[in-house]
Amino acid sequence: MSTQNRVRKAVFPAAGLGTRFLPATKAMPKEMLPVVDKPAIQYVVQEAVSAGLTDLLMITGRSKRSLEDHFDRVPSLEARLQEKGDSTKLKAVQQATSLGDIHYIRQGDPKGLGHAVLCSRQHVGDEPFAVLLGDDIIDANESLLADMIAVQEKTGGTVVALMEVAPEEISAYGCAAVEAIPGEDYVKITGLVEKPEAKDAPSNLAIIGRYVLHPAVYDVLENTEPGRGHEIQLTDALQTLASRPEGEEGAGVYAVIFKGRRYDTGDKLSYLKAVIQMAAERKDLGPDLVPWLQEYAKSAPTQWDDK
Ligand code: UTP
């Protein structure tokens, strides 16, 4: 049994190689790519803090400096902005450093998301914890993480977030088979499979980058062999927990089906859409950007050669 039942800790795996975004991610983690004017990871950390999580742990890899620097103070920059009386920029700079204490652990070798989560074991200990992927942005008006935490606290199990995707897109995600729970707005997971071919997918429900995990996942991850892509897959460990009989340690994997807005910034096209959409909706940028986009769309290319 877990000694601490309230979810307090958030883990942010940010040690992936980001190969879909090369060469931009050669010397910079993809989580640092700017989405309008903040790196993607800042939206994600803010989401965790808004959901009441106070203990923040980032799993970093090579080129971790920029991540640490971003959440650290730069007194000389702050002093300069203060001297200039630029309170707007000063506030923007201070926003990233006032989110709370962030701890860092290095994942020496990026052996997969499951392995990155395992690296958090000593810090998290024997309590349920949230995992937020730094390249997945959930609209700030949504209460997804808080809803997931509530389901974890109610069930005592593990909770994932699912989203419906087009059948041809499921092979890019972990996929879940679910059954309804009468009277509840969350569902039970009966099976999970990482990146299945569309024809083998048990549903069109994709796992998105938010988890609230029972600490029993750590023992399972220790014993999880590399799976798809020769990586230790978190999905495989969750499948093990989902197949445990009721009453066994860590049994019960549930899901909140998310219908709101989510942006995947680890993929080039989704990243571009995220930047455009978020900028278009901002008061300081939208009034100029939207008419420009409308005008541009009239003359934008409609054919592309293979150059
Ligand atoms: P992805 O599979 O999206 O990350 O992992 P990736 O491997 O960096 O991406 P591509 O496919 O090569 O472009 C999901 C999350 O897990 C983290 C990533 O940083 C991302 O937030 N991750 C992945 C790790 O922290 N360590 C790993 O070994 C793998």
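Values quoted throughout were computed directly from the atomic coordinates according to the rules given, and no laboratory measurement underlies them. Since the structure is predicted, the reported quantities are computational estimates derived from the model, not experimental observations. Note that we place each Cβ from the backbone using ideal geometry, even for glycine, and neighbour counts take in every protein chain shown.
Some points to look at:
- Distance histogram for segment 2-67 (every C-alpha pair counted, 5 angstrom bins, percent rounded to whole numbers): 4, 17, 23, 22, 15, 9, 6, 3, 1
- By the beta-carbon count within 10 Å of each Cβ, the least crowded to most crowded order of His123, His103, His115, His70, fewest first, is His103, His123, His70, His115.
- Packing-based exposure ordering (other Cβ within 10 Å, fewest first) of Ile189, Ile207: Ile207, Ile189
- Within-14-Å neighbourhood charge of Asp37 [Cβ basis; K, R +1; D, E -1]: +3
- Cα radius of gyration and Dmax for segment 215-277 (Å): 16.3, 48
- Cα centroids of segment 193-232 and segment 252-287: 23 Å apart.
- Distribution of pairwise C-alpha distances over segment 147-226, 10 Å bins, in %: 18, 45, 33, 5
- 10 Å binning of all Cα-Cα separations within the chain, expressed as whole percents from 0 upward: 6, 25, 34, 22, 10, 3, 0
- Contact order normalised by residue count of segment 207-307, Cα under 8 Å, 6+ apart, percent: 12
- Normalised by the number of residues in the chain, the average gap of Cα pairs under 8 Å and 6 or more apart makes the relative contact order 21 percent.
- For Met58, the residues whose amide H sits under 5 Å from its own are Phe12, His103, Tyr104, Ile105, ignoring neighbours fewer than 5 places away on the same chain, with H placed 1.01 Å from N.
- Extending 7 Å from Cα along the Cβ direction at Leu77 and again at Ala92 yields two label points whose distance is 1.1 nm.
- Relative to the longest principal axis of the Cα atoms of the chain, the long axis of helix 268-280 makes an angle of roughly 60 degrees.
- For segment 169-293, alpha-carbon Rg and Dmax in angstrom: 18.3, 59
- Share, in percent, of DSSP beta bridges within the chain that are antiparallel, nearest 5: 55
- Of the residues Lys30, Lys298, Lys188, Lys84, the one with the fewest other Cβ atoms within 10 Å heads the list, and the complete ranking is Lys298, Lys84, Lys188, Lys30.
- Table column - 3J(HN,Hα) (Hz), segment 53-61, Karplus curve with 6.51, -1.76, 1.60, x for Gly and Pro: 7, 10, 10, 10, 10, 9, 9, 10, x
- The calculated FRET efficiency for the pair Arg282 and Glu249, based on their C-beta separation and a Förster distance of 35 Å, comes to about 0.15.
- Karplus-based coupling profile of segment 204-215, in residue order and whole Hz: 10, 9, 9, 7, 9, x, 9, 9, 10, 9, 6, x, with θ = phi - 60° in 6.51 cos²θ - 1.76 cosθ + 1.60 and x standing for Gly or Pro.
- Residue of Asp264, Asp185, Asp55 that the Gaussian network model of the chain assigns the largest fluctuation, springs spanning Cα pairs under 10 Å: Asp185
- Vicinal HN-Hα couplings computed from phi for segment 136-144 (Karplus, 6.51 cos²θ - 1.76 cosθ + 1.60; Hz; Gly/Pro x): 10, 9, 9, 3, 4, 7, 8, 10, 3
- Placed amide H near Leu192: partners under 5 Å, 5+ positions off or other chain: Ala177
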